[in-house]
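One structure is given below, encoded as structure tokens.
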Amino acid sequence: MEITAERVIDALRYVDDPDLKKDLVTLNMVKDVAVDGNNVSFTVVLTTPACPMKDMIHNACVNAILHFVSKEAVVKINMTSNVTSKKEKDETTLRGVKNIIAIASGKGGVGKSTIAANLAVGLARMGAKTGIVDADIYGPSQHIMFGVENETPGSADFDGQRKMAPVESLGVKINSIGFLAGPNQAIALRGPMATKALSQLFYDTAWGDLDYLIVDLPPGTGDIQISLCSQVPVTGAIVVCTPQDVAIADARKGIALFTLPQVNVPVLGLVENMAWFTPAELPENKYYIFGKDGVKHLAEEMQLPLLAQIPLVQSVREASDAGRPAVLQQHTPQALTLMEMVQNAAQQIAIHNAALQTA
């Protein structure tokens, strides 16, 4: 039987997006179907550039064509992504940024910056164009975690204006107030000045095209968080917390901040950091120093996704201090857990964006 575009499209109705639980045709993810004899080509528009199910979807499409159309078909698929959460036209330096993800915590000391750095590097490893803004104005650390503390942003042209060119490391574009202050220099800024400095990190930096811009927020629920969400088109927030009761009480306040009418940013999920301690010499042992499953229970209570439970492992701290985030440690248990977090975060962003597109 002759291969036609109509038969190809009908076959692809049997292929579901694993996240959205609907077929690719219904989701309008199939584009540019072309048939030339036995040669079949089309584009699949993924719901996220770092789609963890990319290979699964590709193989399912090929199998559907071979099974429902022709065993002789030669299938070529272009896997791409152009889904973005931003609806309004943007002429600022953020116009090429598809998703802005805020990493927040109710209190300090829970490893928020470590999670932000590993998320950014993990997304870059999955093929996404990624940047990170160190918006922790008073305690910047991303320049250290990426091993670029001795570098400074360059100069770039943006529509005839001179802007900062972000520093690049490990496949990630970075800007931080830490580049502008010496190691022994206190960053003493009052509220309005801190807010202005934050705005400059976003809008005076030539970011170019990015799939994800990760924002490492300061801890708490103050001016910086509120200003960010009012000035910058944030796609969603991820809240990091350790499992003890004191941290969870503050995490509740952090989650509540994003639900305020003047903020109105969806919380995409929670990360339980320092979920248990595993010593290097006893890799199978788990010691629940800060309590067990506190953030897991909070996620269940608030009906939010739990993106990962990250163990307290010495090498994660050492990797951050060395400027090589632990997600790069290949097949170690901690790297695998961190990549699971990255994949789950990408999945939740995709679900959020797909819901916006169909709303």
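The values are calculated or read from the model by the stated rules, or taken from the named source; none is laboratory data. The structure displayed is predicted, hence computed values, not measured ones. Cβ placement follows ideal geometry from the backbone for every residue including glycine, while neighbour counts extend to all protein chains displayed.
Data for the structure
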item	result
Matching residues in segment 118-130 - criterion: being crowded, with 24+ Cβ neighbours inside 10 Å and outside any helix (DSSP H, G or I)	T130
Selected residue (criterion: surrounded by the fewest Cβ atoms within 10 Å (Cβ to Cβ)) from residues of segment 149-169 that are within 20 Å of A322 (Cα to Cα) and modelled with pLDDT under 95	N150
Out of A354, A326, A299, A275, sole residue that is in the same structural domain as A256 (by TED's automatic domain parsing), aliphatic (A, V, I, L, M) and over 16 Å from V240 (Cβ atoms)	A354
Number of positions in segment 259-294 that are in contact (Cβ under 8 Å) with a residue 60 or more places away in the chain and in contact with a Phe, Trp or Tyr (Cβ under 9 Å, 6 or more places away or on another chain)	3
Conditions (1) surrounded by fewer than 18 Cβ atoms within 10 Å (Cβ to Cβ); (2) within 23 Å of S141 (Cβ to Cβ); (3) touching a helix residue (DSSP H, G or I) at 6+ places or on another chain (Cβ under 9 Å); number of the one not met by V295	(1)
Test for A197: is it in contact with a helix residue (DSSP H, G or I) (Cβ under 8 Å, 6 or more places away or on another chain), part of a helix (DSSP H, G or I) and assigned by TED's automatic domain parsing to the domain that holds T337	yes
Single unsatisfied condition, V239 versus (1) under 20 Å from L257 (Cα atoms); (2) of a type in the set (A, V, I, L, M, F, W, C); (3) modelled with pLDDT under 85	(3)
Checklist (1) out of contact with any helix residue (DSSP H, G or I) (no Cβ under 8 Å at 6 or more places or on another chain); (2) farther than 25 Å from M56 by Cα applied to I351, failing item	(2)
Filter result (in a loop (DSSP other than H, G, I, E, B) and hydroxyl-bearing (S, T, Y)) within segment 205-246	T221, T235, T242
Filter result for V167 (without any contact (Cβ under 8 Å) to a residue 60 or more places away in the chain, assigned by TED's automatic domain parsing to the domain that holds L338 and in contact with a Gly (Cβ under 7 Å, 6 or more places away or on another chain))	no
Boolean, I115 is of a type outside the set (G, A, S), part of a strand (DSSP E or B) and modelled with pLDDT of 95 or more	no
Among (1) surrounded by fewer than 18 Cβ atoms within 10 Å (Cβ to Cβ); (2) part of a helix (DSSP H, G or I) - the single one F258 does not satisfy	(1)
Residues within segment 202-231 that are aliphatic (A, V, I, L, M) and modelled with pLDDT under 90, tallied	3
Those residues of segment 148-179 which are of a type outside the set (G, A, S) and in a helix (DSSP H, G or I), in sequence order	I177, F179
Count - residues of segment 309-348 that are crowded, with 23+ Cβ neighbours inside 10 Å, among the small types (G, A, S) and either assigned to a loop (DSSP other than H, G, I, E, B) or without any contact (Cβ under 8 Å) to a residue 40 or more places away in the chain (or both)	1
Filter result (without any contact (Cβ under 8 Å) to a residue 40 or more places away in the chain and surrounded by 13 or more Cβ atoms within 10 Å (Cβ to Cβ)) within segment 6-15	I9, R13
Count of segment 16-42 residues which are surrounded by 15 or more Cβ atoms within 10 Å (Cβ to Cβ) and not in a loop (DSSP other than H, G, I, E, B)	8
